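Structure, as structure tokens:
The values are calculated or read from the model by the stated rules, or taken from the named source; none is laboratory data. Nothing here was measured: the structure is a model prediction, and the numbers come from that model. Positions of Cβ are backbone-derived with ideal geometry, glycine not excepted, and every protein chain shown enters the neighbour counts. With ligands, DNA and RNA removed, areas are computed over all heavy atoms of the protein, side chains included. Shrake-Rupley method; radii C 1.70, N 1.55, O 1.52, S 1.80 Å.
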Amino acid sequence: MIKETFRIEIEPLSPTFVWSGETLYKGADFDLVNGKIVIVDPFKALGKVKNLREIFKEKFVRTIKDFKLIFPSTSVPNQILMINEYLVPASSLKGLIRTTILNKMAKNSPSVYNQIQSNLNTLTTLPPNQIFRQVKNVAEPVESLLKDTVPFGRGKYTYDALNRLIISDPEIIQASLSLRKITILELFGAFKSENYAITFDKGKLVYDVKILQPSNYGVNSMLKKLDDKISKKEIYDSLVDYSNLVINSEKDKLRVTNKNLRKYFEFLEKLRIEGECVPLKMGTFTGHVAKTISLPSNIKSNRDNIMTKITGHLWDNRTVKLTDDIGVGWIKICIR
């Protein structure tokens, strides 16, 4: 049966980007024409042009929800990362909600942190060809907080309380997109990387949300305790708690860097929880702090060092991702 229904609304506070997994290439998917980057849909030009250069016309332009992908520009990048067709898909929103709820639950189950520490230590003992396969197991103690194993016939299955949360694809209202350069900047040192991506800059996304709950759990009454963690109030409270964590973490990074990031710090200082609306980071180029639970400082430091060694590059809380000197992916998420 339906336990609760409500809406969630998302508006970008800074350019926001959720990658579709698609990379666009100069001369094949887009090019510079009369001072504009024109991104085309080659299928629209099938049988209508004689050579590739003829496809870079407005009549063949690619669109997202009627927004034409044409952007003013004085230069042309070699590659562009393509945004998701829903801008922020329901799966990304649900993933954020899962993280915020688990973060709050972990604080009430501190033994989870010890299990994470043990799993991190195990990684350091594995041969290189096994490490990447086992990284996902580090977070298993946290993931299990919303799950239980339930007998079914002669076997068992894993019950996940978050499957009770049903989120629709968003209604996209007056969306405005941009082509932006996103800079990954090392907080200490000279590392710098640049990517071009289509970002969600203005507009609103509206999601219909339902929470389902059985009227009778039968012999599996213990599952009700898990399901009770999935409610409108619990989602809002978890978002508020996580918002404070992410904002403070980002401020702490900026306080100790030797880079001039004053504009971004002033942006962060203005972020506020207002009524039903909570500021948070979401999407690609937002860093792992915005996507994973918080950890005690000693375990956090150990994780960062281990992951830097495993990946062979800076673990991303040592960098900041900016566009026009503001952090990427800040949104206002409202529970209506």
Segment 36-151 - Debye-derived log10 I(q)/I(0), Cα point model, q = 0.12, 0.15, 0.21 Å⁻¹: -0.73, -0.81, -1.20
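Tell me, what are the semi-axes, in whole angstrom and largest first, of the equivalent ellipsoid of segment 254-293 as set by the roots of 5 times the Cα gyration tensor eigenvalues? Don't skip to the end; give the middle numbers.
Working: eigenvalues 85, 55, 13 Å².
Each semi-axis is √(5λ); the values are 21, 17, 8 Å.
Per residue of the chain, what 222 nm ellipticity follows from adding -39500 (n - 2.57) for every DSSP H run with n ≥ 4, rounded to the nearest 500?
Numbers: 8 runs with 96 residues, N = 336.
It comes out at -9000 deg cm²/dmol, rounded to the nearest 500.
Using a simple charge model, +1 on the beta-carbon of Lys and Arg, -1 on the beta-carbon of Asp and Glu, nothing else, what dipole does segment 1-74 show about its Cα centre, in debye to the nearest 20? Write out the running numbers ahead of the final one.
Values: 13 positive and 10 negative charges, 79 e Å.
Dipole of segment 1-74, to the nearest 20 debye: 380 debye.
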Alpha-carbon Debye profile of the chain, log10 I(q)/I(0) at 0.06, 0.07, 0.12 Å⁻¹: -0.26, -0.35, -0.98
Burial ranking of peptide ranges 98-109, 62-73 (average Cβ count within 10 Å, highest at the top): 98-109, 62-73
Rounded, prolate or oblate (a/c below 1.5 giving rounded, otherwise prolate when a/b exceeds b/c) for segment 104-201 by Cα gyration tensor: oblate
Karplus-derived HN-Hα couplings along segment 167-173 (A = 6.51, B = -1.76, C = 1.60, θ = phi - 60°), whole Hz, x at Gly and Pro: 10, 6, 5, x, 7, 9, 10
Calculated SAXS-style log₁₀ I(q)/I(0) at q = 0.12, 0.23 Å⁻¹ - segment 230-327, Debye, Cα scatterers: -0.45, -1.35
Length gained when the stretch I173-S215 is fully extended (0.36 nm per residue, less Cα-Cα span): 11.5 nm
Rounded to 5, the percent of DSSP beta bridges in the chain classed as antiparallel: 95 percent
Simple Cβ-charge dipole of segment 99-204, Lys/Arg +1 and Asp/Glu -1, about Cα centre, in debye nearest 20: 100 debye
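Checking the table K202/K232; K232/K253; K107/K321; K181/K259; K147/K204; K65/K233 against a 21 Å threshold on Cα-Cα, which pairs fail?
Details: K202/K232 26 Å; K232/K253 32 Å; K107/K321 28 Å; K181/K259 19 Å; K147/K204 33 Å; K65/K233 32 Å.
Over 21 Å apart, Cα to Cα: K202/K232; K232/K253; K107/K321; K147/K204; K65/K233.
On average, how much accessible surface per residue is there in segment 233-336, in Å², for a 1.4 Å probe, leaving out ligands, DNA and RNA? Can you show the working numbers first?
Working: 4700 Å² over 104 residues.
About 45 Å² of surface per residue is accessible.
Would you mind classifying segment 1-56 by shape? Square roots of the alpha carbon gyration tensor eigenvalues, ordered a ≥ b ≥ c; an a/c under 1.5 is rounded, otherwise it is prolate if a/b is larger than b/c and oblate if not. Numbers along the way, then the final one.
On the way: a/c = 3.76, a/b = 2.24, b/c = 1.68.
Taking the square roots of the gyration eigenvalues as a ≥ b ≥ c, segment 1-56 is prolate.
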Space enclosed by the convex hull of the alpha-carbon atoms of segment 163-246, per residue, Å³: 173 Å³
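For segment 232-310, what is the charge dipole size about the Cα centre, in debye to the nearest 20, if Lys and Arg each add +1 at the Cβ and Asp and Glu each add -1 at the Cβ?
On the way: 15 positive and 10 negative charges, 80 e Å.
Computed about the Cα centre, the dipole is about 380 debye.
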In Å², nearest 10: area of K57 left accessible to a 1.4 Å probe: 90 Å²
Normalised contact order of the chain, rounded percent, pairs of Cα under 8 Å and 6 or more residues apart: 29 percent
